[in-house]
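> Here it is: the structure, laid out below.
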Amino acid sequence: MEKLYEGKAKVLYPEGEDTLRVYFKDEATAFNAQKRGIIPGKGVVNNKVSAALFRLLEERGVKTHFVEELSEREMRVKRVRILPLEVILRYKAAGSFAKRYGLKEGTPLKAPLVEFSLKNDALGDPLICEDAVLALGLARPEALEAVKATTLRVGEILKAFFAERGLELVDFKLEFGEREGEILLADEISPDTMRLWDMATGEPMDKDRFRKDLGGVEAAYQEVLRRVLGG
């Protein structure tokens, strides 16, 4: 099947006008692709975790692009027009946020914080404020409000879900698409796009293990999958 698009973590294949087939790769990147590597089995974990979480969110009334899981590494999704934004929801200071404001990693925030960055690898995905999003015509006002509200709702659902499984959701990144005037949650939800800390040990169970050369990356991803699936 001819590729429609290949990114850092996934390959998209067209399936007619309405759906796409998404293939999840084992390749890993960090720091705007300056660091690259392979995490064996990552594609399987991210596909299965994303599928499970999309199903959970759909059950709770969040509309997503997910249609069905096709294989260990593939899912079918609805075609959407991806908004050129990454939406980050933070509960504690970590990563670039902690560095930006000189905060100790793990400092709790007084309230959940929604941030936006421009999806542009060449520019390093810079932060962008809501007024700039509207001024540049990157999203309609009502679409931006829907994105914010949905992000906060997703956070409520996922934070409780992971807490029941001994994992603390520290922050996560979402992407959204538009289809026939409706905003849908898109892309993936996986250890690649979240910070998850083990509640018993405080150890990161996500791509930070790759970013920081902590070792045990594959084992951490497999453990997240086990807990998500209830194993």
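The values are calculated or read from the model by the stated rules, or taken from the named source; none is laboratory data. Note that the structure is a prediction, hence the values are computed from the model and not measured. Positions of Cβ are generated from backbone atoms using ideal geometry, with glycine treated the same way; all protein chains shown enter the neighbour counts.
Conditions (1) small (Gly, Ala, Ser); (2) touching a Ser or Thr at 6+ places or on another chain (Cβ under 9 Å); (3) not in a strand (DSSP E or B), marked per residue:
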| position | (1), (2), (3) |
| --- | --- |
| Val114 | no, yes, no |
| Glu145 | no, no, yes |
| Leu152 | no, no, yes |
| Gly155 | yes, no, yes |
| Ala160 | yes, no, yes |
| Glu178 | no, no, no |
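> Would you mention how many residues in the stretch 3-50 are of a type in the set (Gly, Ala, Ser), touching a residue at least 12 places away in the same chain (Cβ under 8 Å) and over 15 Å from Leu225 (Cα atoms)?
Residues flagged as of a type in the set (Gly, Ala, Ser), touching a residue at least 12 places away in the same chain (Cβ under 8 Å) and over 15 Å from Leu225 (Cα atoms) within the stretch 3-50 amount to 5.
> Which one is surrounded by the fewest Cβ atoms within 10 Å (Cβ to Cβ) among residues in the stretch 187-231 that are within 21 Å of Ala160 (Cβ to Cβ) and of a type in the set (S, T, N, Q)?
Among those residues, the one meeting the criterion is Thr201.
> Consider Glu164 carefully, then state whether it is among the acidic types (Asp, Glu) and surrounded by fewer than 15 Cβ atoms within 10 Å (Cβ to Cβ).
Yes: the conditions hold for Glu164.
> Taking the stretch 187-197 as the search range and keeping residues that are over 17 Å from Leu229 (Cβ atoms) and outside any loop (DSSP other than H, G, I, E, B), which one is farthest from the chain's Cα centre (by Cα)?
Ranking the candidates gives Trp197 first.
Residues are listed down the side, and each one gets a yes or a no for (1) closer than 27 Å to Glu27 by Cα; (2) in contact (Cβ under 8 Å) with a residue 12 or more places away in the chain; (3) among the aliphatic types (A, V, I, L, M); (4) assigned to a strand (DSSP E or B):
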{"position": "Ala122", "(1), (2), (3), (4)": "yes, no, yes, no"}
{"position": "Ala149", "(1), (2), (3), (4)": "no, no, yes, no"}
{"position": "Leu185", "(1), (2), (3), (4)": "yes, yes, yes, yes"}
{"position": "Ala200", "(1), (2), (3), (4)": "no, yes, yes, no"}
{"position": "Arg209", "(1), (2), (3), (4)": "yes, no, no, no"}
{"position": "Ala220", "(1), (2), (3), (4)": "yes, yes, yes, no"}
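> Follow-up question, since we're still on this one. Of (1) charged (D, E, K, R); (2) farther than 25 Å from Val154 by Cα; (3) out of contact with any strand residue (DSSP E or B) (no Cβ under 6 Å at 6 or more places or on another chain), Asp26 satisfies all except one. Which?
The number of the failed condition is (3).
> Can I ask one more? Which of the following residues is at pLDDT 95 or above and among the hydroxyl-bearing types (Ser, Thr, Tyr): Tyr13, Tyr5? Outline the logic, then answer.
Details: Tyr5 fails: at pLDDT 95 or above.
None of the others qualify; the one that does is Tyr13.
> Here's a follow-up. Do you know which of the residues in the stretch 14-60 that are crowded, with 17+ Cβ neighbours inside 10 Å and among the hydroxyl-bearing types (Ser, Thr, Tyr) is farthest from the chain's Cα centre (by Cα)?
Restricting to residues being crowded, with 17+ Cβ neighbours inside 10 Å and among the hydroxyl-bearing types (Ser, Thr, Tyr), the top hit is Tyr23.
> Sticking with this structure for a sec: Here is a list of conditions, (1) without any contact (Cβ under 8 Å) to a residue 12 or more places away in the chain; (2) closer than 22 Å to Phe66 by Cα; (3) in a loop (DSSP other than H, G, I, E, B); (4) of a type in the set (D, E, K, R), and Lys104 meets all of them except one; can you say which number that is?
So the condition that Lys104 fails would be (2).
> I would also like to ask the following. Before we move on, is Arg226 outside the structural domain of Lys35 (by TED's automatic domain parsing), farther than 23 Å from Val147 by Cβ and either among the hydrophobic types (A, V, I, L, M, F, W, C) or not in a loop (DSSP other than H, G, I, E, B) (or both)?
Taking the combined requirement at face value, the residue satisfies it.
> Of the residues Leu184, Leu169, Leu136, only one is touching a strand residue (DSSP E or B) at 6+ places or on another chain (Cβ under 9 Å), surrounded by fewer than 17 Cβ atoms within 10 Å (Cβ to Cβ) and at pLDDT 95 or above; which?
None of the other options fit; the residue is Leu136.
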